[in-house]
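Report on the structure given below.
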Amino acid sequence: MPTEHPVNDPAWTPPRLIHTFTGHLFTGTLKLLVVALLFWVSTLFGDSMTASLGTSIGVLVATLLLGELLAVGIERPFVIRGRLNEPGGWGYSVLPLLAYLLTGAVFAFIAWGNSVTAVVFGIIHAAVNMGLFFLIRPWQAGETQQETDAKLAEFKAMTKEHFAEDIVEIKTRARERTKNAYYATKDKKRRQSKSEDQD
């Protein structure tokens, strides 16, 4: 009998929508940079493609904003019901993917109509999204907050232990520099005072 994936306790609250959307924007921007690069390369070899820079940027930005807004809205009920930031499951993973694909196709059609340019953009956009989908595997449930906090604490402890000797050495050198500077200043003042007395 398969065991259920652990979830956060009932007191857990999901992240604010603005934080979720910001995270989506970051990932979506990286994704669309790949789309933009591949689309630009395709225009170099496609004689029948007509895509101005302004129109291409407009399509990319519109696809990014609307696609990520839809994805956040679709994922939210699954997050709340599953009590996980990444609850997994096919509904949570496939529905946002369909929203991405539909958004890219719609804006490509609006910008370039029923043309080769729109088809090429749609194919590239779909391929990049599908590639990311299978890369990150969103159908698999993510970690609970307790698991994330435990890993973060373990990482901090490992980092502190790894750099402990370096930290001690840096502090020792800093104390030595401070002490040397203090005595150098004190010695300088003493010589100045002695010189004034001789005058």
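Quick notes
- Whole-Hz couplings from phi, Karplus 6.51/-1.76/1.60, listed for region 177-189; x for Gly and Pro: 5, 5, 5, 5, 5, 5, 5, 5, 5, 5, 5, 5, 5
- For region 127-142, 3J(HN,Hα) per residue [Karplus equation, 6.51 cos²θ - 1.76 cosθ + 1.60, θ = phi - 60°, Hz, x = Gly/Pro]: 5, 5, 5, 5, x, 5, 4, 6, 6, 8, 6, x, 6, 8, 5, x
- Applying a DSSP loop filter and a limit of 15 other Cβ atoms within 10 Å to the GluC sites (Glu not before Pro) in region 1-85 leaves E4.
- FRET efficiency estimate (nearest 0.05) - Cβ-Cβ, A150 to L98, R0 30 angstrom: 0.30
- Between amide H atoms placed 1.01 Å from N, distances below 5 Å from G142 occur with E86, G88, all of them 5 or more places distant or on a separate chain.
- Karplus-derived 3J(HN,Hα) values for region 111-123, using 6.51 cos²θ - 1.76 cosθ + 1.60 with θ = phi - 60°, are 7, 10, x, 8, 10, 5, 4, 5, 5, 5, 4, x, 5 Hz; glycine and proline are entered as x.
- Label-point gap, in nm, between V116 and T185 - each point 7 angstrom along Cα→Cβ: 7.5
- Mean ellipticity per residue at 222 nm, deg cm²/dmol - from DSSP H runs of n ≥ 4 across the chain, formula -39500 (n - 2.57): -28000 deg cm²/dmol
Any read-out appearing in this document is the output of simple, stated calculations on the displayed coordinates, not a laboratory observation. Not measured: the values here are computed from a predicted model. Neighbour counts are summed over all protein chains in view; Cβ atoms, including those assigned to glycine, are modelled from backbone coordinates with ideal geometry.
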